[in-house]
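These notes concern the structure reproduced below.
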Amino acid sequence: MCPAPAYWGRDRADLFYRATIGDALEYGGFDDTMIFAELRQPTGERTLPAQRIMRAEAVAIGQQYQKKPDKMPY
């Protein structure tokens, strides 16, 4: 399971896991080290081309959310 939603949601429950990053690589062939390295790079220097689209629309949604009186604080 990806832990990002638990962090974003400010979940206070414990996260449980069994395998380490090394275990995933050794026993399953899953190597995420490249992904972590890629995310540290500026967008223009990453292996996969990335292009920002519809920023104005995304900002408008963010502004609407910001005005909600019952929003989740991050």
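The values are calculated or read from the model by the stated rules, or taken from the named source; none is laboratory data. Keep in mind it's a predicted model, so treat the numbers as computed, not measured. Here Cβ is always computed from backbone atoms with ideal geometry, including for glycine, and neighbour counts include all displayed protein chains.
LEU15 meets all of the listed conditions (1) under 22 Å from PRO5 (Cα atoms); (2) surrounded by 10 or more Cβ atoms within 10 Å (Cβ to Cβ); (3) in contact with a helix residue (DSSP H, G or I) (Cβ under 8 Å, 6 or more places away or on another chain) but one, namely (2). Within the range 1-17, being at negative phi and touching a residue at least 60 places away in the same chain (Cβ under 8 Å) holds for TRP8, GLY9. Answer yes or no: is there a residue in the range 3-20 that is modelled with pLDDT of 85 or more and not in a loop (DSSP other than H, G, I, E, B). So far as the range 3-20 goes, no, none of its residues is modelled with pLDDT of 85 or more and not in a loop (DSSP other than H, G, I, E, B). Only one of the numbered conditions (1) within 22 Å of ALA6 (Cβ to Cβ); (2) loosely packed, with under 10 Cβ neighbours inside 10 Å; (3) under 20 Å from the mean Cα position of the chain (by Cα); (4) not β-branched (Val, Ile, Thr) is violated by ASP70, and that is (3). Does at least one position in the range 18-33 carry a residue that is under 25 Å from PRO3 (Cα atoms) and either in contact (Cβ under 8 Å) with a residue 12 or more places away in the chain or touching a strand residue (DSSP E or B) at 6+ places or on another chain (Cβ under 9 Å) (or both)? Within the range 18-33, one or more residues are under 25 Å from PRO3 (Cα atoms) and either in contact (Cβ under 8 Å) with a residue 12 or more places away in the chain or touching a strand residue (DSSP E or B) at 6+ places or on another chain (Cβ under 9 Å) (or both). The set of residues from the range 23-32 being surrounded by fewer than 10 Cβ atoms within 10 Å (Cβ to Cβ) and not in a loop (DSSP other than H, G, I, E, B) comprises TYR27, GLY28.
Please go through the range 37-61 and give me each residue that is surrounded by 10 or more Cβ atoms within 10 Å (Cβ to Cβ) and either in contact with a strand residue (DSSP E or B) (Cβ under 8 Å, 6 or more places away or on another chain) or assigned to a helix (DSSP H, G or I) (or both), ordered by number. If the condition is that a residue be surrounded by 10 or more Cβ atoms within 10 Å (Cβ to Cβ) and either in contact with a strand residue (DSSP E or B) (Cβ under 8 Å, 6 or more places away or on another chain) or assigned to a helix (DSSP H, G or I) (or both), then ALA37, GLU38, THR43, ALA58, VAL59, ALA60, ILE61 are the ones that fit. A Cβ distance below 8 Å, combined with a sequence gap of six or more or placement on separate chains, defines the contacts here; from the range 50-74, residues that are within 20 Å of ARG10 (Cβ to Cβ) reach residues that are modelled with pLDDT under 90 in the pairs TYR65/LYS71; MET72/GLY9; MET72/ARG10; TYR74/TRP8; TYR74/ARG10. Checking ARG40, ARG46 one by one, the residue that is charged (D, E, K, R), without any contact (Cβ under 8 Å) to a residue 12 or more places away in the chain and touching a helix residue (DSSP H, G or I) at 6+ places or on another chain (Cβ under 9 Å) is ARG46 and no other.
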